[in-house]
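Report on the following structure.
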Amino acid sequence: MQKPDPSSIPLSPGVYLYRDGKGQVIYVGKARILRRRVLSYFRPEGLPAKTKAMLAHAQSIEFLTTTTEKEALLLEASLIKKYRPHYNIVLRDDKQYVLFRVNIKHPFPRLEVVRKARRDGARYFGPFTSSLAARETWKLLHRAFPLRRCSDRAMKNRVRPCLYHHMGQCPAPCMGLVTAEDYFEGVRRVCDLLQGKADPLLKELHSRMEAAAEALENQKEISLEYTIANTDRACGAMLSGTIAAKYGEAGLPEHTLNVKFKGSAGQSFGAFLVPGVSFKLEGEANDYLGKGLSGGRIAVLPPVRSNFQAEKNTIAGNTLLYGATSGEVYINGRVGERFAVRNSGAIAVVEGVGDHCCEYMTGGRVVVLGSTGRNFAAGMSGGVAYVWNKDGNFDYFCNMEMVELSLIEEASYRKELHELIRQHYLYTGSNLARIMLDDWNRYVDEFIQIVPIEYKKVLQEEQMRKLQQKIAEMQRDY
């Protein structure tokens, strides 16, 4: 082979391919500087016998440039595996880089991380020099595109959905909860993304962003759906800040932005949520849900196909509704300690709480459809709480320093409690709420009302003023 013109050889990193007279690739090499490396083959002396033999058979050379030397290394490995050149020793240092494997012959394929590509009909993507980066990519892909993670054997023997299904990261094909066609759509998207075909996904994302922008700009009702993980913290805070900056305290009209999440939410889910924004979470939540709630609505419920009793299981963490000023929270399950601490105006219905519930509460309404921990209502100076006193021992758990307990006798309070439980059933589908509503006259007598002593005096004075005002209006009419 004749020495090529040096000016025709790039100065960048890349890969070079020698071809014989039939156009077959007989050697693939890489270089940090292509020109320097290729010209070294044509020095007068000192070439190994293998190189001389390769040059004797070579008739042409072509170049593929890359941006970095690492890319050239990966490209070389891929081309060697593709062409199997006669004068190459396949991956001569015997290293096997990380690959992604998708067995498209399986009705429910999974995304696997492997070290070696085989001729088994599966699709392989890679190689990747960093196994750590590859595994982080694998995790991100599973969050964005729910696919099964279990082995074929585990999938075959499973008798109930795995934890990843309850977190919204697996559609549970093992239980027949997804069709092969719907599942394979997610597989196709993953394969397109790994091939670099991101345009369709970007267009879909862009259309969803435009729809959300329309909701903000034109106050048009819209519904969105996402998966969520416990690394997603303060979800909704920036959204609420944007809405508040544009519309102020009033926020958006009711039911304008409805977002459904599936999975395990991180800390401060729905923090500072403003009016017009509704979050519905199928899964579970960490601490500080609804922190600083400012008019939005949050509903938390177990996954639709879960088979445990929600009212007997903890579904959210500690210090929920911390410092909330307005809005609504409905939780189909138990929660941790310090629920509604420093709540000053939000409405909440929950099916069991830990210690220190309603601590330093100054306003709002809290309904507990289950047992409570100790020190209930410590420092509570405002608002009203209702507790289902099923076992008749609530007074033992309540801090009586600033509050008094009573049965719910006034019709207005009975109506208020009924409406709160009805709303709880509406937004969560709570089985316990439905049972209570179906036999209301029985269950309402089992509730205890907790009202701060001084706050009750203020309410009574306000009721007296309203009554006097009504009497005065009637006297004027007559």
Matching residues in the stretch 58-73 - criterion: being within 25 Å of G21 (Cβ to Cβ), among the small types (G, A, S) and crowded, with 17+ Cβ neighbours inside 10 Å: A58
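Any residue that is of a type in the set (S, T, N, Q), surrounded by 23 or more Cβ atoms within 10 Å (Cβ to Cβ) and under 21 Å from the mean Cα position of the chain (by Cα) - is there at least one of those in the stretch 246-261?
So in the stretch 246-261, the residues of a type in the set (S, T, N, Q) come out as 256, 258.
Okay, now just the ones that are also surrounded by 23 or more Cβ atoms within 10 Å (Cβ to Cβ), so none.
For the stretch 246-261, residues of a type in the set (S, T, N, Q), surrounded by 23 or more Cβ atoms within 10 Å (Cβ to Cβ) and under 21 Å from the mean Cα position of the chain (by Cα): absent.
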Among (1) within 18 Å of G236 (Cβ to Cβ); (2) within 21 Å of the chain's Cα centre (by Cα), the one test that S326 misses: (2)
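Could you run through the stretch 282-297 and say how many residues are outside any loop (DSSP other than H, G, I, E, B) and either over 15 Å from K262 (Cβ atoms) or of a type in the set (A, V, I, L, M, F, W, C) (or both)?
Of the residues in the stretch 282-297, 5 are outside any loop (DSSP other than H, G, I, E, B) and either over 15 Å from K262 (Cβ atoms) or of a type in the set (A, V, I, L, M, F, W, C) (or both).
Which one of E76, E71 is of a type in the set (D, E), touching a Pro at 6+ places or on another chain (Cβ under 9 Å) and over 30 Å from V304 (Cα atoms)? Walk me through it before giving the result.
Working: E76 fails: touching a Pro at 6+ places or on another chain (Cβ under 9 Å).
Checking each option against the conditions leaves just E71.
Could you list, in sequence order, all residues of the stretch 4-22 that are touching a strand residue (DSSP E or B) at 6+ places or on another chain (Cβ under 8 Å), within 23 Å of E71 (Cα to Cα) and part of a loop (DSSP other than H, G, I, E, B)?
Within the stretch 4-22, the first condition is being touching a strand residue (DSSP E or B) at 6+ places or on another chain (Cβ under 8 Å), and the residues that meet it are 4, 9-10, 12-20.
After this cut, where a residue has to be within 23 Å of E71 (Cα to Cα) as well, the list is 9-10, 12-19.
Within the stretch 4-22, I9, P10, S12, P13 meet the criteria.
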Residue match in the stretch 383-406 (condition: out of contact with any helix residue (DSSP H, G or I) (no Cβ under 8 Å at 6 or more places or on another chain) and hydroxyl-bearing (S, T, Y)): yes
One residue from K70, K105 being free of Cβ contacts under 8 Å to residues at least 40 places away in the same chain and either basic (K, R) or touching a strand residue (DSSP E or B) at 6+ places or on another chain (Cβ under 9 Å) (or both): K105
Per-region count, the stretch 298-337, residues assigned to a loop (DSSP other than H, G, I, E, B) and out of contact with any helix residue (DSSP H, G or I) (no Cβ under 9 Å at 6 or more places or on another chain): 18
Qualifying positions in the stretch 348-371 - surrounded by fewer than 24 Cβ atoms within 10 Å (Cβ to Cβ), in contact with a strand residue (DSSP E or B) (Cβ under 7 Å, 6 or more places away or on another chain) and closer than 18 Å to T319 by Cβ: T362, G363
Selection count where residues are at pLDDT 85 or above and buried (at least 17 other Cβ atoms within 10 Å of the Cβ), scope the stretch 74-89: 6
Matching entry among R110, R19 (being modelled with pLDDT of 90 or more, surrounded by 18 or more Cβ atoms within 10 Å (Cβ to Cβ), out of contact with any helix residue (DSSP H, G or I) (no Cβ under 7 Å at 6 or more places or on another chain) and under 30 Å from E181 (Cα atoms)): R110
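Please state which one of Y425, Y413, Y386 is under 30 Å from F261 (Cβ atoms), crowded, with 16+ Cβ neighbours inside 10 Å and either among the acidic types (D, E) or free of Cβ contacts under 8 Å to residues at least 60 places away in the same chain (or both). Reasoning before the result, please.
On the way: Y413 fails: under 30 Å from F261 (Cβ atoms); Y386 fails: either among the acidic types (D, E) or free of Cβ contacts under 8 Å to residues at least 60 places away in the same chain (or both).
Sole residue among the options that is under 30 Å from F261 (Cβ atoms), crowded, with 16+ Cβ neighbours inside 10 Å and either among the acidic types (D, E) or free of Cβ contacts under 8 Å to residues at least 60 places away in the same chain (or both): Y425.
Please verify whether A133 is modelled with pLDDT under 85, closer than 27 Å to K116 by Cα and not polar (S, T, N, Q), treating the condition exactly as stated. Please lay out each step first, then the result.
Working: modelled with pLDDT under 85: no; closer than 27 Å to K116 by Cα: yes; not polar (S, T, N, Q): yes.
So A133 does not fit the description; no.
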Pair list, Cβ < 7 Å and 6+ apart or interchain, from the stretch 317-333 residues that are over 19 Å from S430 (Cβ atoms) to residues that are assigned to a loop (DSSP other than H, G, I, E, B) and among the small types (G, A, S): G317/G336; N318/G336; G323/G292; A324/G290; A324/G292
Wholly within the stretch 173-258, helices (runs of 4 or more DSSP H) carrying at least 2 residues that are more than 29 Å from I298 (Cα to Cα): 180-194, 199-218
Qualifying residue in the stretch 49-57 (condition: in a helix (DSSP H, G or I), surrounded by 14 or more Cβ atoms within 10 Å (Cβ to Cβ), more than 54 Å from the chain's Cα centre (by Cα) and among the polar types (S, T, N, Q)): yes
Test: V25 is in contact with a Pro (Cβ under 9 Å, 6 or more places away or on another chain) and either of a type in the set (D, E) or modelled with pLDDT of 85 or more (or both): yes
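The values are calculated or read from the model by the stated rules, or taken from the named source; none is laboratory data. Since this is a predicted model, take the numbers as computed values, not measurements. A quick note on method: Cβ atoms are made from the backbone with ideal geometry, for glycine too, and the neighbour counts reach across all protein chains shown.
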